[in-house]
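Engineer: Here it is, the structure, as structure tokens.
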Amino acid sequence: MSIRMTLPPLRRLVLLATIGAMAGLLVLPLNPVNSTSTRLLLLAAVVVSWSGLVFLSWKYRPIRLAVLALSAIAVVPLLLPGRSLDREGLRTDYLDALHSYEGCPYHWGGESRRGIVRDCPGGPCGMRC
């Protein structure tokens with residue numbers, strides 16, 4: 001005879017959504033094609049995972065506080081001011097790097113389900129000399 005725990009329907013739904021979102025967090029970064037839909041799915045997986053963890057741990061104060069504290073610690077670096085950019089120096093470095101590819105043959109490739117095939121049409125990422 002087995003003992004079966006029953007969860008309220010809402011809690012069960014949130015648990016399944018949280019587990020699915022965490023699975024998405026593991027699988028989505030393995031997708032080689034970097035598209036807007038992939039980024040949006042990854043962002044949705046982060047939000048659903050976080051929301052589900054907060055909802056499921058709401059009754060347990062120490063776990064709830066740990067989840068909220070860890071999320072606050074993760075957000076703090078995003079709120080800090082960044083360093084200022086030297087735009088002219090960055091532009092010069094970029095143009096120097098582009099000039100180093102003069103004379104290289106251009107092979108058009110594009111993007112497939114397996115990722116970038118050969119090169120990026122807008123830059124030197126696939127040019128080989």
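Every number in this text was worked out from the coordinates using simple rules, so none of it is lab data. If you're wondering where the values come from, they're calculated on a predicted model, not measured in any experiment. Note that each Cβ is placed from the backbone with ideal geometry, even for glycine, and that neighbours are counted across all protein chains shown.
Engineer: If we count every other residue with Cβ under 13 angstrom of THR18's Cβ, Lys/Arg +1 and Asp/Glu -1, where does the sum land?
Structural biologist: Residues close to THR18 contribute a combined charge of +2.
Engineer: Still on this structure: If we count every other residue with Cβ under 13 angstrom of LEU95's Cβ, Lys/Arg +1 and Asp/Glu -1, where does the sum land?
Structural biologist: My count for the surroundings of LEU95 gives -2.
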